[in-house]
Each structure stands twice: as C-alpha cells, then as structure tokens.
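Report on the structure given below.
The values are calculated or read from the model by the stated rules, or taken from the named source; none is laboratory data. Note that the coordinates shown come from a computational prediction; the quantities given were computed from them, not determined experimentally. No Cβ is skipped: glycine too gets one built from the backbone with ideal geometry, and neighbour counts run over all protein chains shown. The protein model used for the area step is the full one, side chains on, heavy atoms only, and it has no ligands, DNA or RNA in it. Shrake-Rupley method; radii C 1.70, N 1.55, O 1.52, S 1.80 Å.
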Amino acid sequence: MVQTTTLTVSTNASVEFVNITKEVEAVLRNHPIENGHVILFVPHTTAGVTINENADPDVQSDMVRGLNKISPTLKSFRHFEGNSDAHIKSTLVGASEHVLIKDGRLVLGTWQGIYFAEFDGPRKRTLHVQIQGN
C-alpha cells in the first residue's frame, strides 16, 4: 500500500530549521500502515529536509550558523535572483529523507527529529510525505 500526503510548512526566517516530526507523525497516525517506511520529499531548490538532534535547540541555530559560514551570501554569485547560497545549502542538506515505520511509529533515535530546512525564506513551502508498507 502506498499513500501520499502533501503538507504545507510556513517558515519565518531566511535560513531556519523547522521541527516537523509531529506533523509527519500525525500523517502516519491517519494511515493504516503498521510496518514500512516514509519518504519525505521537498520539491524546492532552496529548501531541504534532514534528521538531526531535537533535544537541544542550539543544534539548529548552530546548523544555521555553520551553513551560513560554508555558503555565505556573496555579491560575486552570478545567479540573477541573488540566492545562490540557498541553492548550495539545499544541495548540502538534500531534498529527501527516508524513515522506517515499525508498529505504526517512526523509527527515530532517542535524540532525533525531522527538520524542514529553509534557505530562502520566509515562505510557505511544500513537503510530500509518502507512506509505503502494510
């Protein structure tokens, strides 16, 4: 069985990580799949999705600082929209994640959460959640 749901994620900053674990869990609760996997896909070239620590919010702010240091906004970029740094960050983080489902629950580590990664906000974004299994 395969079921796909589309979520809207609103972001509030130019670069930010939004914890979407509860939203993905809510999608899973509305489907009868007990064992399988979830594929998360972001159809944007300046955003992404990642799994990282959810116990200490400083991790997300450190991620923002680190990615801004790796790929700062530079006037020397040639892309006419001026957001090449966002495209680079999106490529580094990635547009998809794959999470196992066991007994109707996401299989995440004790400290793990799922984060929508915004690199060109604030915006309203789309996240596709595809659940596969039995």
Please give the FRET efficiency for residue 2 paired with residue 70, using the beta carbon to beta carbon distance and R0 = 25 Å, rounded to the nearest 0.05.
0.10
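With a probe of 1.4 Å, find how much accessible area the chain has per residue, and write the answer as a whole number in Å². Let's see the in-between values first.
Details: 7590 Å² over 134 residues.
Ligands and nucleic acids excluded, the result is 57 Å² per residue.
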With DSSP loop assignment and no more than 11 other C-beta atoms within 10 Å, the trypsin sites (Lys or Arg not before Pro) in region 32-134 are 75, 78
Let me have the 222 nm mean residue ellipticity of the chain computed from DSSP H runs of 4+ only, each contributing -39500 (n - 2.57), with the sum over all residues rounded to the nearest 500.
-7000 deg cm²/dmol
Consider just the alpha-carbon atoms of the chain and return their Rg together with their Dmax, both in angstrom.
15.6, 51
So how tilted is helix 58-70 from the main axis of the chain? Cα-based, degrees 0 to 90, rounded to 10.
40 degrees
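Got a number for carbon plus sulfur as a percent of region 41-134's accessible area, 1.4 Å probe? Please report the intermediate quantities before stating the final value.
Working: 2870 of 5420 Å².
Its accessible area is 53 percent carbon and sulfur atoms.
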Taking a crude spin-label model, label points 7 Å out from Cα along the C-beta direction, the residue 55 to residue 37 distance in nm is 2.7 nm
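Lysine pairs in region 1-130 with Cα distance under 26 Å, only those 8 or more apart or on different chains: how many are there?
Details: 22/89; 22/102; 22/124; 69/89; 69/124; 75/89; 75/124; 89/124.
Here the count comes out as 8.
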Cα centroid distance between region 75-134 and region 11-63, in Å?
7 Å
In region 97-134, which chymotrypsin sites (Phe, Trp or Tyr not before Pro) fall in coil by DSSP and have 15 or fewer other Cβ atoms within 10 Å?
111
